[in-house]
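J.: I'd like to ask you about the structure that follows.
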Ligand code: A3P
């Protein structure tokens, strides 16, 4: 372990959403779990899986509250950090930062979930276009915002894709660096990659893989509960528990956040030329192996 080159923080990221500096003050514990994604990639799903493994299939857990998005700048770090430090259970914290804006600890275990960028955009457009006034107010008017406010969404998901693609992640945050920096550290002993497609294909198998990575033995008498509580239908029906603030920021509430749970919705909209441009850019940004993984899943060796 002593020869390992652990990732180092090289920068801070501030935006309408982010305050990466909160990580600088977190006192890591030996069994901390960090769940990372670009966004709209199955973060909430994996938070639910991890909660079910830690709490042995228990129902009614306030997962969103227990597993805060650390680098979201609201509530501010002066409020959030003491709450996280006060947690007595095994902590499982969410991040949307690229690795080089995090403080990376050898003590924690890191799970990163990938999803094709086009699926991310389709999910994100739903997230953005159903956000209510409270969402804009909190993100834009909480003191400490650096940079421009988050804009209103454009008129169609197609236009949103074009702008997100042209201006790398606009109006949220850059996509390619997020995937690339996590891919680069995939072989560290305390990192594992998951993919939305693999969770869809074989959720029980992936839950077992996560359990083994986290060293949480499975109580087989609770296995059916664990799997049921991570299914799309169960999570949709109980969405207020797992979605931030019980879904208060979105028209349609928490059930709008656990939206469709499927991939490939862009197939009917994007042209062959647009798909080819996306795929070419993915290879250029990520290299052939990572771009292939991002598109299809299947855990890399
Ligand atoms: P869609 O908007 O495509 O439906 P995140 O938590 O990173 O914001 O990701 C949200 C996406 O994960 C949403 O995708 C949501 O429906 C999907 N999701 C959440 N729980 C799921 C589950 N149990 N099964 C399938 N998809 C799930």
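J.: If you take the beta carbon distance between residue 168 and residue 142 as r and set R0 to 22 Å, what does 1/(1 + (r/R0)^6) give as a FRET efficiency, to the nearest 0.05? Provide the component values of the computation, followed by the final result.
T.: Values: r = 25 Å, r/R0 = 1.14.
After rounding to 0.05, the efficiency reads 0.30.
J.: Now for a separate question. Averaging the inverse of every distinct alpha carbon separation and then flipping it gives the Kirkwood radius. What is it for the chain, in angstrom units?
T.: In the chain this quantity evaluates to 19.7 Å.
J.: If neighbour count is taken as other Cβ atoms inside 10 Å, put 112, 278 in order from fewest to most. Present the calculation step by step, with values, prior to reporting the outcome.
T.: On the way: 112 25, 278 19.
Starting with the residue having the fewest Cβ neighbours, the order is 278, 112.
J.: Right, here's the next one. Stretched out fully, how many nm does the piece from residue 79 to residue 237 gain, at 0.36 nm a residue minus the Cα gap?
T.: Extending this stretch completely gives an extra 53.9 nm.
J.: Okay, next question. Each label point is 7 Å from the Cα along the Cα-to-Cβ direction; what then is the distance between the points at residue 202 and residue 187, in nm?
T.: Between residue 202 and residue 187, the simple spin-label model gives 2.3 nm.
J.: For the stretch 144-161, list residues with backbone N below 17 Å from a point placed 7 Å from the Cα of residue 129 toward its Cβ?
T.: Backbone N within reach: 151-161.
J.: Give me 91, 208, 73 sorted ascending by neighbouring Cβ count inside 10 Å, so fewest comes first.
T.: 208, 91, 73
J.: Given a Förster radius of 25 Å and the C-beta distance between residue 227 and residue 262 as r, what FRET efficiency does 1/(1 + (r/R0)^6) yield to the nearest 0.05?
T.: The computed FRET efficiency comes out at 0.85.
J.: Three principal axis extents, largest first, for the C-alpha atoms of the stretch 174-276, in Å?
T.: Per principal axis, max minus min of the Cα coordinates gives 50, 39, 25 Å.
J.: Before rounding to the nearest 500, sum -39500 (n - 2.57) across all DSSP H runs of length at least 4 in the chain and divide by the residue total; then give [θ] at 222 nm in deg cm²/dmol.
T.: Numbers: 15 runs with 130 residues, N = 301.
Taken over the chain, the calculation gives -12000 deg cm²/dmol.
J.: Shifting gears a bit: So how do 6, 182, 164 line up by other beta-carbon neighbours within 10 Å, fewest first?
T.: 6, 164, 182
J.: Now a separate question. May I have the convex hull volume per residue, in Å³, for the Cα set of the stretch 49-112? If you can, show how the numbers build up before the last one.
T.: Working: hull volume 6.8 nm³, N = 64.
Output value, Cα hull per residue: 106 Å³.
J.: Can you figure out the FRET efficiency of residue 281 with residue 10, using R₀ = 22 Å and their beta-carbon distance, to the nearest 0.05?
T.: Between residue 281 and residue 10 the formula returns 0.40.
J.: At a threshold of 8 angstrom on Cα-Cα distance, excluding pairs fewer than six apart, so keeping six or more, what relative contact order does the chain reach in percent?
T.: It rounds to 26 percent for the chain.
J.: In nm, to one decimal, how far is the modelled label at residue 251 from the one at residue 271, with both set 7 Å along Cα→Cβ?
T.: 3.0 nm
Read-outs: derived from the displayed coordinates by stated rules, not from any lab. This structure is a prediction, so every number in the text was calculated from the model and none was measured. Please note: Cβ atoms are built from the backbone with ideal geometry, for glycine as well, and neighbour counts cover all protein chains shown.
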